[in-house]
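Just below is one structure, and these are the notes that go with it.
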2 protein chains.
Amino acid sequence: MDGLRAWAMAEDGTVLDDRRSDLGSAALDAAGFEPALRALVWDWQLPSPCLVLACGSVGARHGWAEAPYARVPCSPLGDGLTIAPAGDGLDLRIVGGLGQDKPADVMRGEETLIAGYLAGRPDFDGVVCLPGDQTRWAHVSAGEVVSFQTAMTGELFALLASESILRLTLEPGGRDDPAFDAAVGETMSRPEALASRMFALRAEGLLNAMPPETASARLMGLLLGAELAASRPYWLGREVALVGEGDAMRLYARALEGQGVQVTVVPPDPLITAGLTAARARLKGAA
Amino acid sequence: MDGLRAWAMAEDGTVLDDRRSDLGSAALDAAGFEPALRALVWDWQLPSPCLVLACGSVGARHGWAEAPYARVPCSPLGDGLTIAPAGDGLDLRIVGGLGQDKPADVMRGEETLIAGYLAGRPDFDGVVCLPGDQTRWAHVSAGEVVSFQTAMTGELFALLASESILRLTLEPGGRDDPAFDAAVGETMSRPEALASRMFALRAEGLLNAMPPETASARLMGLLLGAELAASRPYWLGREVALVGEGDAMRLYARALEGQGVQVTVVPPDPLITAGLTAARARLKGAA
């Protein structure tokens, strides 16, 4: 989800082309977005005016233009699109993020994927889980996001594995499912253990030569177990649509299924374009 | 505790001079320690041979020479000193760290401060808490370290405040004691809340303009509350000697006293020299 991505889409939502660049919002100031977009799609033959639908951090306070957070409960596409200033021939509309007052929370980008998921399953009543640096758990019912919760598990794991003292005994990406499962169970049943078990990974490496891939799997398990303990009201007894791919998706699915949760794995990319298509349909409906 | 520190000490333990350098074990390989030490004290008139007592990461696997971990329960000075190779005129002895098999844990450096504390209070029966990047909780009784536990609270706070998405809404070192107290209480009573409350600091900044110093105090409170939940068997109903200074010491003392714990604050520096003096006395006793 990092960086800039662009899809050329036909009237009917068909994807004609897609491009991506590492040049994302972290590297751009407000004036930098439009040149970055134009450079990425320089050879596309755009109609004039060309409708550009955007979501994600392009709509953050320091993005191209700020698209406000709509307050849940509301449709994932919230209050509609924010018209943003753009140069010759571009008609730019940005999908706003979602905000929640209590407990305070925000998402930006994920709301479009949720809208995309609802486009295919308009009657879905359950939870959409979107793992990432920040993982979102969203309770969805009657076409609305009812409430949501963010955990920083992905970002925490990356920081601990690359910057903390644990980096000396970890090998990120290492696979040891039994160690992962055991660690999930430890912090799910005793979330307070997280604070005392993390450094034990370093000690196990020094005293007992714990393999680096085991330490890595255990760290992810400890963090994910703590997240599952915190998000229990979201997944317990609910159908969970897990929007993700790769290692993170595999581990979230494994941990949830270990709790007897019915998990449906959904790849994220088609949901983005489906969500943008839904935003466009709303635009037409409003016109 | 980072970097290299050296004290010139008389026979009776009196400190004659002290020096410090940023050039610590993280920046040195095995061959680099002796030149770094000699450069730091180049103008001291050393006897020959000169007894050098050392502790901390100088004795780690990638230190000057490895001084093994003694297994608790044992005296904080464990199995005695490791004689390390050194050049002309230096008689180098390194204090070993402490290790614990279940749960796996290690410390290196803190054992010397504990020995220093016991030198002044040989009959102490209680808990020594040493906040740092890694905080150690040691149960001490009858002159021995019975068990200990490490938490990564300091390191976690520093990483989250400087590298994670929370850096955008935090001001490290900010002071807001009511916010700190409330956050400690939240994760002490519900440790699983840590996973869901951290990102809320970012959301509170975006939605409700939470002041950065409040966000910082809350983050430290959430982390410390989780640590206190994990270390409850250590501090509950025990006298706690809190070895520290500055902000970390103040917040640990505040949080512990909030739980009705009897806390004695002890500055760390005199404990290091007292601990090294105790190591020297043992050396003489053994000779």
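The values are calculated or read from the model by the stated rules, or taken from the named source; none is laboratory data. The model shown is predicted, which means the values in this text are computed figures rather than measured ones. Cβ atoms come from the backbone with ideal geometry, glycine included; neighbour counts cover every protein chain shown.
Points to keep in mind about this one:
- Per the listing B:Leu219, B:Leu170, B:Leu194, B:Leu236, the residue uniquely at pLDDT 95 or above and surrounded by 23 or more Cβ atoms within 10 Å (Cβ to Cβ) is B:Leu219.
- Within the stretch A:142-156, considering residues that are touching a helix residue (DSSP H, G or I) at 6+ places or on another chain (Cβ under 7 Å) and assigned to a strand (DSSP E or B), the one farthest from A:Arg232 (Cα to Cα): A:Val145
- Members of the stretch A:1-32 found to be surrounded by 12 or more Cβ atoms within 10 Å (Cβ to Cβ), touching a Gly at 6+ places or on another chain (Cβ under 7 Å) and in a loop (DSSP other than H, G, I, E, B), listed by number: A:Met1, A:Asp2, A:Gly3, A:Leu23, A:Gly24
- Taking the stretch A:84-99 as the range and being under 21 Å from A:Thr273 (Cβ atoms) and not acidic (Asp, Glu) as the test, the residues that pass are A:Ala84, A:Ala86, A:Leu90, A:Leu92, A:Arg93, A:Ile94, A:Val95, A:Gly96, A:Gly97, A:Leu98.
- Segments classed as helices (runs of 4 or more DSSP H), wholly inside the stretch B:207-287, with at least 3 members that are touching a residue at least 40 places away in the same chain (Cβ under 8 Å) and assigned by TED's automatic domain parsing to the domain that holds B:Asp105: B:268-286
- Being surrounded by fewer than 23 Cβ atoms within 10 Å (Cβ to Cβ) and within 12 Å of B:Thr153 (Cβ to Cβ) holds for only one residue in B:Ala226, B:Ala248, and it is B:Ala248.
- Subset of the stretch A:58-70 (residues that are within 14 Å of chain B (Cβ to nearest Cβ) and touching a residue at least 12 places away in the same chain (Cβ under 8 Å)): A:Gly59, A:Ala60, A:His62, A:Gly63, A:Glu66, A:Ala67, A:Pro68, A:Tyr69, A:Ala70
- Of all the listed residues (A:Ala104, A:Ala84), the sole one being within 14 Å of chain B (Cβ to nearest Cβ) and over 22 Å from A:Leu242 (Cβ atoms) is A:Ala104.
- Looking across the stretch B:138-179 at every residue that is at positive phi and in contact (Cβ under 8 Å) with a residue 24 or more places away in the chain, the one that is farthest from the other protein chains (Cβ to nearest Cβ) is identified as B:Gly143.
- Candidate set from the stretch B:33-57 (those that are touching a Phe, Trp or Tyr at 6+ places or on another chain (Cβ under 9 Å) and not in a strand (DSSP E or B)); member that is nearest to the other protein chains (Cβ to nearest Cβ): B:Phe33
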